[in-house]
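Read the structure below first, then the notes.
The values are calculated or read from the model by the stated rules, or taken from the named source; none is laboratory data. Worth saying up front: this structure is predicted, and the values here are computed from it rather than measured. Every residue, glycine among them, receives a Cβ derived from its backbone with ideal geometry; neighbour counts consider all protein chains shown. Each accessible area value is taken on the protein alone, full model and side chains, heavy atoms only, with ligands, DNA and RNA left out. Shrake-Rupley method; radii C 1.70, N 1.55, O 1.52, S 1.80 Å.
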Amino acid sequence: VKVIHATGDALTSAVPPYSNRGMETDDWSQRIGDHHDGMDIFYLDTDGRYSPTATARAVLVVNHESSADAHFFHANGQTSNAQPGKKFSQFGNWDVGQRPGLEVLKEINHHGFSMVELELDDRGGVVGYKLDAPLNRRVTPQTPALVTGPAKHLADIQDLMRTAYDPSGRTVRGTLNNCGHGKTPWGTYLGCEEN
């Protein structure tokens, strides 16, 4: 067993190392999320396209289901109405007080999924992940995504996706509370919400 990455690990060298003391001042959109859940490995061919068989290059995708331990993300617990030391759960015991924007962003951005390019040894074993790799990416609840599909049905699909964020239904934002996952036969990743 080997740890590839953990909560708070950076995707780029521009992000400071994780302190594990809640001292981070970034919005967590370039760090590994929390509560790792479903995961899969995607091998890439020499052109950088998905390969259904093992190759010398791979990407690891991991769901980040929850921010249930969000009070640990801040040095003095969560803050509400300027009072630190709170401990709110994701299950509704909020006091509805005003919260600092950065605390809220960090808690939101712990959700979603991360993608990291793996460093493989000459036998295909995982050495670790590559910091600053061009394929490293976070998808958070705020990440914009285009709504696409078969031309014949695209208007109907987009009609179902109309929101205040985009009344046209052409774009949506992110993913939240992923529980399961799946890999499509054509090599894309599906994070599934828990209902």
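Over the residues of the chain, the helix contribution to mean residue ellipticity at 222 nm works out to -2000 deg cm²/dmol, using -39500 (n - 2.57) for each DSSP H run of at least 4. Scoring 5-13, 147-155, 70-78 by mean Cβ neighbours within 10 Å over their residues and listing the highest first yields 70-78, 5-13, 147-155. Here the chain has 55 percent of its accessible surface on carbon and sulfur atoms, given a 1.4 Å probe and all protein chains in place. Accessible surface comparison of His110, His36, probe 1.4 Å, protein chains only, largest first: the order is His36, His110. Arg162 exposes around 130 Å² of accessible area when a 1.4 Å probe is run over every protein chain in place.
A value for mean projected area of the Cα convex hull in nm² was derived from the coordinates, and within the list [x] 13.3; [y] 15.5; [z] 12.8 it appears as [x].
Largest first, the residues Met23, Met161 sort by 1.4 Å accessible area into Met23, Met161. Along the positive direction of the dipole of the chain (beta-carbon charges: Lys, Arg +1; Asp, Glu -1; about the Cα centre), which of Trp94, Ala6, Ala75 reaches farthest? The Cα lying farthest towards the positive end belongs to Trp94.
Looking only at the chain, where both bridge partners belong to it, what percent of the DSSP beta bridges are antiparallel (to the nearest 5)? Roughly 95 percent of the DSSP beta bridges within the chain come out antiparallel. At a probe radius of 1.4 angstrom, the accessible area of segment 48-111 per residue rounds to 52 square angstrom. Residues with beta-carbon under 14 Å from that of Ala82, excluding Ala82: net charge, scoring Lys, Arg +1 and Asp, Glu -1? Combined, the nearby Lys, Arg, Asp and Glu give 0.
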